[in-house]
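The values are calculated or read from the model by the stated rules, or taken from the named source; none is laboratory data. As the structure is a computational prediction, the values presented were derived from the model and not from experiment. Cβ sites come from the backbone with ideal geometry, for glycine too, and all protein chains shown count toward neighbours.
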Amino acid sequence: MSAAQPRRGLLIILSSPSGAGKSTLSRRLLASDSNVRFSISATTRDPRVGEVEGEHYYFTGRGEFEAMAAADQMLEHAEVFGNLYGTPRAPVERAISLGQDVLFDVDWQGGQQIRNSSLRDAVVTIFILPPSIAELEARLRARAQDSDEVVAGRMAKSRDEISHWAEYDYVLVNRDLDACEADLRAIIAAERLRRDRRPELLGIVNALNREFEERMA
Ligand SMILES: Nc1ncnc2c1ncn2[C@@H]1O[C@H](COP(=O)(O)OP(=O)(O)OP(=O)(O)O)[C@@H](O)[C@H]1O
Ligand SMILES: Nc1nc2c(ncn2[C@@H]2O[C@H](COP(=O)(O)O)[C@@H](O)[C@H]2O)c(=O)[nH]1
């Protein structure tokens, strides 16, 4: 890696139907990997019990949210389950320019928008499947943070979210949490290696091409 080109962080995107385990996996990863930081989204949804402003989300009104989006301050934004959610752009750009990897918990619409953004070269997308629909519902109910009506709404949307699985680079099944976390770490380790080796590989390929040209001269 040359001094003129500092290593850029990865954008690691996690998507899944609601309740498959993105937040749980994110918490585990963030607790043990100091080079990953979480992208704190803005949302118009009401805070759940225990959710902290600026830690879990930036809780905003619709007007404020729409003004940020109109000012191009969001890397992506979408309506999910009747609320607006979006990723503030500046913290992500700052973190990756410092070489930190950024973890996103976003729905398929957010995943698509980030994958199509100017940062696409550094994006790694991972979709988390539940082992079954019955288990997905059981997890949403066991989390005990949403009303029956909200759980029903999220279950109704889960098929649509799952239909986007093949758009992702990697797909994991979160049956056993420890095993799924291990797979997630393995993906991140491999993607870091791929990014870190790229400058060296480009140098080697350039040298090989020069050699071809010398032989043809
Ligand atoms: N492998 C697992 N086995 C059993 N329970 C799990 C597993 N993974 C997560 N859970 C539990 O399932 C519930 C939902 O998980 P979590 O909140 O992480 O889902 P999520 O995908 O982030 O949902 P949302 O999209 O609604 O934010 C939590 O109570 C969590 O403890
Ligand atoms: N497109 C985006 N989706 C987001 C963002 N932040 C969260 N989400 C997704 O919303 C649902 C519901 O989240 P919850 O916290 O209300 O359970 C879930 O699928 C998240 O992945 C975002 O910034 N952009």
Give the number of residues within the stretch 115-144 that are within 18 Å of Ser26 (Cα to Cα) and either among the hydrophobic types (A, V, I, L, M, F, W, C) or outside any helix (DSSP H, G or I) (or both). 10
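Within 13 Å of ligand 1 (Cβ to nearest atom), in a loop (DSSP other than H, G, I, E, B), in contact (Cβ under 8 Å) with a residue 60 or more places away in the chain and within 23 Å of Leu177 (Cβ to Cβ) - does that describe any residue in the stretch 79-102? Working first, answer last.
Within the stretch 79-102, the first condition is being within 13 Å of ligand 1 (Cβ to nearest atom), and the residues that meet it are 80-81, 83, 85.
Narrowing further to those that are in a loop (DSSP other than H, G, I, E, B): 81.
Adding the requirement that they be in contact (Cβ under 8 Å) with a residue 60 or more places away in the chain leaves 81.
Checking which are within 23 Å of Leu177 (Cβ to Cβ) leaves us with none.
Scanning the stretch 79-102 turns up no residue that is within 13 Å of ligand 1 (Cβ to nearest atom), in a loop (DSSP other than H, G, I, E, B), in contact (Cβ under 8 Å) with a residue 60 or more places away in the chain and within 23 Å of Leu177 (Cβ to Cβ).
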Scanning the stretch 8-54 for residues that are hydroxyl-bearing (Ser, Thr, Tyr), in a helix (DSSP H, G or I) and within 13 Å of ligand 2 (Cβ to nearest atom) gives Ser23, Thr24, Ser26
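Okay, residues lined up against (1) surrounded by fewer than 17 Cβ atoms within 10 Å (Cβ to Cβ); (2) over 21 Å from Lys157 (Cβ atoms):
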position: Ser26; (1), (2): no, no
position: Val36; (1), (2): no, yes
position: Glu55; (1), (2): yes, yes
position: Glu64; (1), (2): yes, yes
position: Asn83; (1), (2): yes, no
position: Ser97; (1), (2): yes, yes
position: Asp107; (1), (2): no, no
position: Val124; (1), (2): no, yes
Those residues of the stretch 103-122 which are in contact (Cβ under 8 Å) with a residue 40 or more places away in the chain and either touching a Lys or Arg at 6+ places or on another chain (Cβ under 6 Å) or of a type outside the set (Val, Ile, Thr) (or both) amount to Leu103, Phe104, Asp105, Asp107, Trp108, Gly110, Gly111, Gln112, Arg115, Ser117, Leu119, Ala122
Residue pairs, Cβ under 7 Å, 6 or more apart or interchain, first in the stretch 136-155 and basic (Lys, Arg) and modelled with pLDDT under 95, second part of a loop (DSSP other than H, G, I, E, B) and near ligand 2 (Cβ under 9 Å from one of its atoms). List them. Arg143/Gly19
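For the stretch 11-52, name all the residues that are touching a Pro at 6+ places or on another chain (Cβ under 8 Å), under 24 Å from Gln100 (Cβ atoms) and within 12 Å of ligand 1 (Cβ to nearest atom). Write out each step before concluding.
The initial filter retains those residues of the stretch 11-52 that are touching a Pro at 6+ places or on another chain (Cβ under 8 Å), namely 16-17, 19-21, 39-42.
Checking which are under 24 Å from Gln100 (Cβ atoms) leaves us with 16, 21, 39-42.
Listed by number, the residues that qualify are Ser16, Gly21, Ser41.
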Restricting the stretch 55-75 to residues that are outside any loop (DSSP other than H, G, I, E, B) and within 16 Å of ligand 1 (Cβ to nearest atom), the one nearest to Gly111 (Cα to Cα) turns out to be Tyr57
Among the residues that make up the stretch 39-48, is at least one of them over 13 Å from the mean Cα position of the chain (by Cα) and free of Cβ contacts under 8 Å to residues at least 40 places away in the same chain? yes
